[in-house]
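J.: Please see the structure below; I have some questions.
Just so it is clear, none of the values below were taken in a lab; they were calculated from the coordinates. For clarity, every value in this text was computed on a predicted model and none was experimentally measured. Glycine gets a Cβ as well: all are built from the backbone with ideal geometry, and neighbour counts include every protein chain shown.
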Amino acid sequence: MRKTKKRLAILAAAVAAVVVGAPAAHAAETDQAEARSAASPSSPQRLAGDFNGDGRAEIAVWRPSDGVWYVRGLFNVQWGVGGDIPVAADFNGDSITDIAVWRPSNGVWYVRGIATVQWGEGGDVPVVGDYNGDNRADFAVWRPSDGVWYVRGLFNVQWGDGGDVPVVGDFNGDNRTDFTVWRPSNGVWYVRGIATVQWGEGGDIPVTGDFNGDNRTDFTVWRPSNGIWYVRDIAAMQWGVGGDVPVAADFNGDNRTDFTVWRPSDGNWFARGLFMVQWGVGGDVPV
Ligand SMILES: [Ca+2]
Ligand SMILES: [Ca+2]
Ligand SMILES: [Ca+2]
Ligand SMILES: [Ca+2]
């Protein structure tokens, strides 16, 4: 249960790269141009999934140009097309991350082998998380235009304003995703019903992870200008350089998030104290 929650808690949907004009094509087609736009370097923290359920995140990328998920040591699977946003999570509660994409052009979630669900529309930001604590990921989007979190079958909650970055995390450890936004203009984290905390500044990338293993998401930002991870009350750790993509995940199964970056320029993964591995190429999205 804990591990499932952990996997779900790690996506900062931030940006999700706001991909525009994705082709309304079926999942076998590709579009190089869209792929390039999807690979915008403005990328935020990325989710890392546990695709075999052993409690450790995999080194994995999704390639917009061919729609293939390259999961190191496990499999290569084609799923999705350029313009899609990868939204891997555990949708059926078996503790294995499911391969999934959300398509902005039609608002459809394609969860491999499990579901095809229309939820959301272009301009929305997918914020997949477990909002009711049943250990299954919920279909959810945050809409910048009205600040509403639309969680299928559960809630419509207004929280945040356009310009905010929605963050998926569990800050009070109740195994439910909390409605949270981080506001770049003042660096404040607004966690509905739980906390209002100033941490970080404009230009930072909010990161959600549990760095001390207390089962609560820690307030964390990664600063591209100096490569420092600022984890409130826990650590300030220099790891990575500008242009890297912070990837917060637990790669060794100790229930603590590892300081990790993926470098688009050479495809290297740097996990502090654990490994350096080349996997992926520029334009890929770490998943
Ligand atoms: Ca694994
Ligand atoms: Ca759920
Ligand atoms: Ca919570
Ligand atoms: Ca924590």
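J.: Scan segment 198-230 residue by residue and report those that are buried (at least 21 other Cβ atoms within 10 Å of the Cβ) and assigned to a strand (DSSP E or B).
T.: Within segment 198-230, Ile205, Pro206, Val207, Thr208, Gly209, Asp218, Phe219, Thr220, Val221, Trp222, Trp229 qualify.
J.: So for segment 240-252 (the condition being farther than 27 Å from Phe155 by Cα and touching a helix residue (DSSP H, G or I) at 6+ places or on another chain (Cβ under 9 Å)), does at least one residue qualify?
T.: Among the residues of segment 240-252, at least one is farther than 27 Å from Phe155 by Cα and touching a helix residue (DSSP H, G or I) at 6+ places or on another chain (Cβ under 9 Å), which makes the answer yes.
J.: Pick out the one residue from Asp210, Asp214, Asp170 that is farther than 25 Å from Asp84 by Cα, more than 16 Å from ligand 2 (Cβ to nearest atom), under 17 Å from the mean Cα position of the chain (by Cα) and charged (D, E, K, R). Outline the logic, then answer.
T.: Working: Asp214 fails: under 17 Å from the mean Cα position of the chain (by Cα); Asp170 fails: more than 16 Å from ligand 2 (Cβ to nearest atom).
Step by step, each of Asp210, Asp214, Asp170 is checked, and only Asp210 is farther than 25 Å from Asp84 by Cα, more than 16 Å from ligand 2 (Cβ to nearest atom), under 17 Å from the mean Cα position of the chain (by Cα) and charged (D, E, K, R).
J.: Identify, please: which residue in segment 116-153 is within 13 Å of ligand 2 (Cβ to nearest atom) and in a strand (DSSP E or B) and is, among those, farthest from the chain's Cα centre (by Cα)?
T.: Here the residue is Val151.
J.: I would also like to ask the following. Could you list all residues from segment 114-132 that are of a type in the set (Gly, Ala, Ser), free of Cβ contacts under 8 Å to residues at least 40 places away in the same chain and under 13 Å from Ala89 (Cα atoms)?
T.: Ala115
J.: Now for a separate question. What residue, of Val157, Val167, Val188, Val141, is within 16 Å of ligand 4 (Cβ to nearest atom) and of a type in the set (Val, Ile, Thr)? Reasoning before the result, please.
T.: Details: Val157 fails: within 16 Å of ligand 4 (Cβ to nearest atom); Val188 fails: within 16 Å of ligand 4 (Cβ to nearest atom); Val141 fails: within 16 Å of ligand 4 (Cβ to nearest atom).
Only one candidate qualifies: Val167.
J.: Here's a follow-up. Given the residues Thr257, Thr196, Thr217, which is the only one that is in contact with a strand residue (DSSP E or B) (Cβ under 6 Å, 6 or more places away or on another chain), within 16 Å of ligand 3 (Cβ to nearest atom) and in contact (Cβ under 8 Å) with a residue 40 or more places away in the chain?
T.: Thr217
J.: Can you confirm whether segment 79-88 contains a residue that is more than 21 Å from Gly153 (Cβ to Cβ) and acidic (Asp, Glu)?
T.: The answer is yes, given that some residue of segment 79-88 is more than 21 Å from Gly153 (Cβ to Cβ) and acidic (Asp, Glu).
J.: Does Asn268 qualify as being out of contact with any strand residue (DSSP E or B) (no Cβ under 7 Å at 6 or more places or on another chain), under 26 Å from Gly55 (Cα atoms), polar (S, T, N, Q) and surrounded by 15 or more Cβ atoms within 10 Å (Cβ to Cβ)?
T.: no
J.: Take the residues of segment 162-189 that are more than 19 Å from Asp146 (Cβ to Cβ) and acidic (Asp, Glu): which is surrounded by the most Cβ atoms within 10 Å (Cβ to Cβ)?
T.: Asp170
J.: Report the residue count in segment 166-192 for those that are outside any loop (DSSP other than H, G, I, E, B) and of a type outside the set (D, E, K, R).
T.: 12
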